[in-house]
Amino acid sequence: MRPIFDEKNPLIEIKHLQKVFGTKEVLKDVNLIFPKGSTTVILGLSGGGKSTIIKHIVGLMKPTNGNIHVDGTDISNCSEEELRAVRKNIGYLFQDGAMFDSMNIFDNVAFPLREHRKDLSEKEIEELVLKMLSMTGLDAKRVAKLAPNELSGGMRKRAGLARAIIMEPKIILYDEPTSGLDPITSDLITQLILKLQKELGVTSVLITHDMKESFKSADYLAFLFEGEIIEWADNESFKNSKNPYVQQFLDGSGVGPIQFNG
Ligand SMILES: Nc1ncnc2c1ncn2[C@@H]1O[C@H](COP(=O)(O)OP(=O)(O)OP(=O)(O)O)[C@@H](O)[C@H]1O
Ligand SMILES: [Mg+2]
């Protein structure tokens, strides 16, 4: 049975989000809610603007038009101080697993704690960093000493995940957490995402092209097409969507209303 979420009081709400880069209107009118404690998967074509949506949720991008409310704060229209307070509760796994190149993995993962948890001792920080690295399936002690460029793409992604969850945030944004990983490690990450949701009540936003992972993780799925969310439904209803665009996407078919020019 699907848990029941409070859809009337979402933790995150995107209203009429428009984003224009130069002359390119990437997001036209995105409207989307994320109920507290739920996992929402955002699906859509490559280059369609999925990463752009989550960069707005964490306040890394400002909308051309529209608003984003996170936990009661209008982050498109608030002070730097308020934005910092909101960000403290958000974990963000970047699509490329971005790390500070000048720091080793230990210091990268410890970074949010050193910024926000001045109450912790070095010993407590070390315990937490090693625990989080192990949770993502990495050989924690060995990997901690390495520089980001000494890790494979998949390892970097897992270290990025350790950093995203180390503050036990209320909200976690995962931008393609399993792309480029083998199927077993992918499943480990998917299970970890589910565990965080169940045990910590985390509200998650997940971007992925992996349909198996999507249906395993999602309470809701949203389909972004030509700058708008053209379908939003719970897991079961989405699978059975009658929307021809969604059907074509789920079938992975070159034939249908979605036209490819390239
Ligand atoms: N900072 C930026 N400046 C200019 N254009 C940008 C910027 N960020 C994104 N874009 C453009 O916005 C469009 C959407 O990019 P985005 O990364 O959000 O897509 P995506 O749906 O995440 O794609 P993918 O599935 O390939 O990761 C692209 O055309 C991209 O070139
Ligand atoms: Mg992207």
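The values are calculated or read from the model by the stated rules, or taken from the named source; none is laboratory data. What you see is a predicted model; the values in this text were computed from it and never measured. Quick reminder, even Gly has a Cβ in these numbers, built from the backbone with ideal geometry, and neighbours come from all protein chains shown.
Overview of values
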| item | result |
| --- | --- |
| Residues that are of a type in the set (Asp, Glu) and under 18 Å from Leu27 (Cα atoms), drawn from region 204-258 | Glu226, Glu228, Glu231 |
| Matching helices (runs of 4 or more DSSP H) fully within region 15-127 where at least 3 residues are modelled with pLDDT under 95 | 80-87, 105-116 |
| Filter result (part of a helix (DSSP H, G or I) and surrounded by fewer than 20 Cβ atoms within 10 Å (Cβ to Cβ)) within region 131-143 | Lys131, Ser134, Met135, Lys141, Arg142 |
| Residue list for region 16-74, restricted to those being over 29 Å from Pro3 (Cβ atoms), away from ligand 2 (no atom under 16 Å from the Cβ) and of a type in the set (D, E, K, R) | Glu25, Lys28, Asp29, Lys62 |
| Selected residue (only one of Ile33, Ile57, Ile75 is within 15 Å of ligand 1 (Cβ to nearest atom) and either surrounded by 17 or more Cβ atoms within 10 Å (Cβ to Cβ) or under 27 Å from Gly252 (Cα atoms) (or both)) | Ile57 |
| Top-ranked residue of region 78-101 - restricted to ones that are surrounded by fewer than 16 Cβ atoms within 10 Å (Cβ to Cβ) and of a type in the set (Gly, Ala, Ser), ranked as nearest to ligand 1 (Cβ to nearest atom) | Ala98 |
| Among the residues listed as Leu181, Leu146, Leu221, the single one being farther than 27 Å from Lys88 by Cβ, modelled with pLDDT of 95 or more, in contact with a helix residue (DSSP H, G or I) (Cβ under 6 Å, 6 or more places away or on another chain) and buried (at least 19 other Cβ atoms within 10 Å of the Cβ) | Leu221 |
| Strands (runs of 3 or more DSSP E) wholly inside region 181-256 containing at least 3 residues that are within 17 Å of the chain's Cα centre (by Cα) | 203-207, 220-225 |
| Residue list for region 9-30, restricted to those being near ligand 1 (Cβ under 9 Å from one of its atoms) and in contact with a Lys or Arg (Cβ under 8 Å, 6 or more places away or on another chain) | Val26, Leu27 |
